[in-house]
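Engineer: Sharing a structure below in structure tokens format, with a few things to ask.
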């Protein structure tokens, strides 16, 4: 099991480990006793990825457009 | 007619390495639960050892011989990371099969309405030539094949509500047209098989995966909407249950949230179908369940329903 803390992982790294876990669980090459720990790490990675995606979506949604429809910044940026 | 309980001290000879979840104490907890006053009416019998003829209904003789040759004089021999042989393991596994066969024979002879086999090691992960997931021989599959071959039955159902997919039973019954194997299990989880598209060589396998963190409501819906209608359509002459209790919310090896009341519900629902088609004939065998208190309470709920229905 990886020692890297999930909350410190980038989206790409978390997705990569999640895909590896799903492949491992699907392959049947996991010990019965360890299967649950692997599933639980997978579930935590999925939650982390979803949170990262949500944050990115919120950033995109916050992009404000000028009168020509061109992006002129984000609400968060303007508020600062 | 009553409910039979099969057990034997030989099951305790299957000693697993320290810290292993499938341990002697599991059956100690089951015996403790079934020693309560409400279970005095159980007809208690000792589980006999089965023969090689019985085992080879499901496994090649070479596999049986390989396990016998591997048996240690002391300590353990590991067959995989989960599955270990102690000096007493093969006697225990032969009694697990033998208990199931004796239970089928007794129920078929009308000596009891139904039976519970309190045995170790479990069996539903053992494939034709592979011991895995704590399992050595496919006890419930051998019982199903025995019912077809010895008792001349035409339709035998196996319902497996252990939280892990019964990949061994699926392997052993895949090409057995007289059987219907239905498994509900958490997915994803060990052993990774058990998707709905795995349906057997004769459309005789049904897999119903349950999502992690779901509980009794989702289980009851799955049984009511899918599993029980399929079981009813099959019209079994005998119903075998692979009774694992590791879908319990306290179980350390899975993430389903069933309670003892859910195990009672599913037992009663399976008994309803057995009463409609099979004269109430049900033989249930212990598979998983690794939280000792939850296991004891859930077995008590399960056997309690069998006794009510078998009275």
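A short reminder: the numbers here are calculations on the coordinates, not readings from a lab. What you are looking at is a predicted structure, and each value in this text was computed from that prediction instead of being measured. Note that we place each Cβ from the backbone using ideal geometry, even for glycine, and neighbour counts take in every protein chain shown.
Engineer: On the principal axes of its Cα set, how long, how wide and how thick is the stretch B:102-152? Give whole Å, largest value first.
Structural biologist: 35, 23, 10
Engineer: Please find, in a Gaussian network model of chain B (springs between Cα atoms separated by less than 10 Å), the residue of B:117, B:299, B:24 whose mean-square fluctuation is greatest.
Structural biologist: Ranking B:117, B:299, B:24 by mean-square fluctuation puts B:24 first.
Engineer: Go ahead and run the numbers for FRET between residue A:10 and residue A:31, Cβ-Cβ distance against an R0 of 25 Å, rounding to 0.05.
Structural biologist: 0.30
Engineer: What is the extension gain from residue B:76 to residue B:53, computed as 0.36 nm multiplied by their sequence separation minus the C-alpha to C-alpha distance, in nm to one decimal?
Structural biologist: 5.6 nm
Engineer: Would you mind checking the tilt of helix A:11-27 against the longest principal axis of the Cα atoms of chain A, expressed as 0 to 90 degrees and rounded to 10?
Structural biologist: Here the helix axis deviates by roughly 30 degrees.
Engineer: Just need the relative contact order of chain B here, percent rounded to a whole number, with Cα pairs under 8 Å and 6+ apart.
Structural biologist: Relative CO of chain B lands at 20 percent.
Engineer: Related question: Within 10 Å of each residue's Cβ, count the other Cβ atoms and sort B:179, B:169, B:199 from fewest upward.
Structural biologist: Ascending Cβ contact count within 10 Å gives the list B:199, B:179, B:169.
Engineer: Give me Rg/Rg_expected for chain B, where Rg uses Cα atoms only and Rg_expected = 2.2 N^0.38 Å with N residues.
Structural biologist: Compactness ratio reported: 0.89.
Engineer: Compute the length gained on full extension between residue B:24 and residue B:109: take 0.36 nm times their separation in residues and subtract their Cα-Cα distance, giving the result in nm to one decimal.
Structural biologist: Result: 27.4 nm gained on full extension.
Engineer: Given a cut-off of 31 Å, what percent of all Cα-Cα pairs of the protein assembly as shown lie beyond it?
Structural biologist: 38
Engineer: Same structure, new question: When all alpha-carbon pairs of the stretch B:183-280 are counted, what percent fall beyond 21 Å?
Structural biologist: Percent of Cα pairs beyond 21 Å in the stretch B:183-280: 33.
Engineer: Which of B:272, B:246 has the fewest other C-beta atoms within 10 Å, and how do the rest follow up to the most?
Structural biologist: Ordered by Cβ neighbours within 10 Å, fewest first: B:272, B:246.
Engineer: Taking chain A as the reference, fit the longest principal axis to its C-alpha atoms, fit the long axis of helix A:32-61 to the helix C-alpha atoms, and give the angle between the two in degrees, 0 to 90, nearest 10.
Structural biologist: 0
Engineer: Given a Förster distance of 25 Å, report the FRET efficiency between residue A:56 and residue B:213 from their Cβ-Cβ distance, rounded to the nearest 0.05.
Structural biologist: The pair residue A:56/residue B:213 has a calculated efficiency of 0.45.
Engineer: What is the fewest-to-most order of B:105, B:7, B:52 by other Cβ atoms lying within 10 Å of their Cβ?
Structural biologist: Placing the least packed residue first, the sequence is B:52, B:105, B:7.
Engineer: How large is Rg over Rh for the stretch B:58-137, taking Rg from the Cα atoms and Rh as the Kirkwood inverse mean of 1/r across Cα pairs?
Structural biologist: Ratio of gyration radius to Kirkwood radius: 1.03.
Engineer: Kirkwood hydrodynamic radius (Cα pairs, Å) of chain A?
Structural biologist: Its Kirkwood hydrodynamic radius stands at 15.0 Å.
Engineer: Another question, then. Give the percent of DSSP beta bridges with both residues in the protein assembly as shown that are antiparallel, rounded to the nearest 5.
Structural biologist: For the protein assembly as shown, the DSSP antiparallel bridge percentage is about 15.
Engineer: When DSSP assigns beta bridges and you keep just the ones with both residues in chain B, what percent turn out antiparallel, to the nearest 5?
Structural biologist: Here the antiparallel bridges make up roughly 10 percent for chain B.
Engineer: Take the alpha-carbon positions of the stretch B:122-223, form their convex hull, and give its projected area averaged over all directions (one quarter of the hull surface) in nm².
Structural biologist: That works out to 6.4 nm², a quarter of the Cα hull's surface.
Engineer: Springs between alpha-carbon pairs under 10 angstrom, Gaussian network model over chain B: which of B:25, B:233, B:251 fluctuates most?
Structural biologist: B:233
Engineer: State, to one decimal in nm, how far the label point of residue B:35 lies from the label point of residue A:46, with both points 7 Å from Cα in the Cβ direction.
Structural biologist: Modelled inter-label distance: 4.3 nm.
Engineer: Also, I was wondering about something else. Select from A:14, A:43, A:61 the residue whose mean-square fluctuation is largest in a Gaussian network model of chain A (Cα-Cα springs shorter than 10 Å).
Structural biologist: Its mean-square fluctuation being the largest, the pick is A:61.
Engineer: Compute the distance from the alpha-carbon center of the stretch B:172-209 to that of the stretch A:11-80, in whole Å.
Structural biologist: 33
Engineer: Can you pull the semi-axes for the stretch B:18-176, root of five times each eigenvalue of the Cα gyration tensor, sorted largest first, whole Å?
Structural biologist: Each semi-axis is the square root of five times an eigenvalue, giving 24, 21, 14 Å.
Engineer: Helix-derived [θ] at 222 nm for chain B: sum -39500 (n - 2.57) over DSSP H runs of at least 4, divide by residue count, nearest 500?
Structural biologist: -11500 deg cm²/dmol
Engineer: Hey, another quick one. Which shape class, rounded, prolate or oblate, goes with the stretch B:1-101 when its Cα gyration tensor gives a ≥ b ≥ c as root eigenvalues, a/c under 1.5 marks rounded, and past that a/b bigger than b/c marks prolate?
Structural biologist: oblate
Engineer: Measure off 7 Å from each Cα along the Cα-to-Cβ vector at residue B:43 and residue B:220, then give the distance between these two points in nanometres to one decimal.
Structural biologist: 3.3
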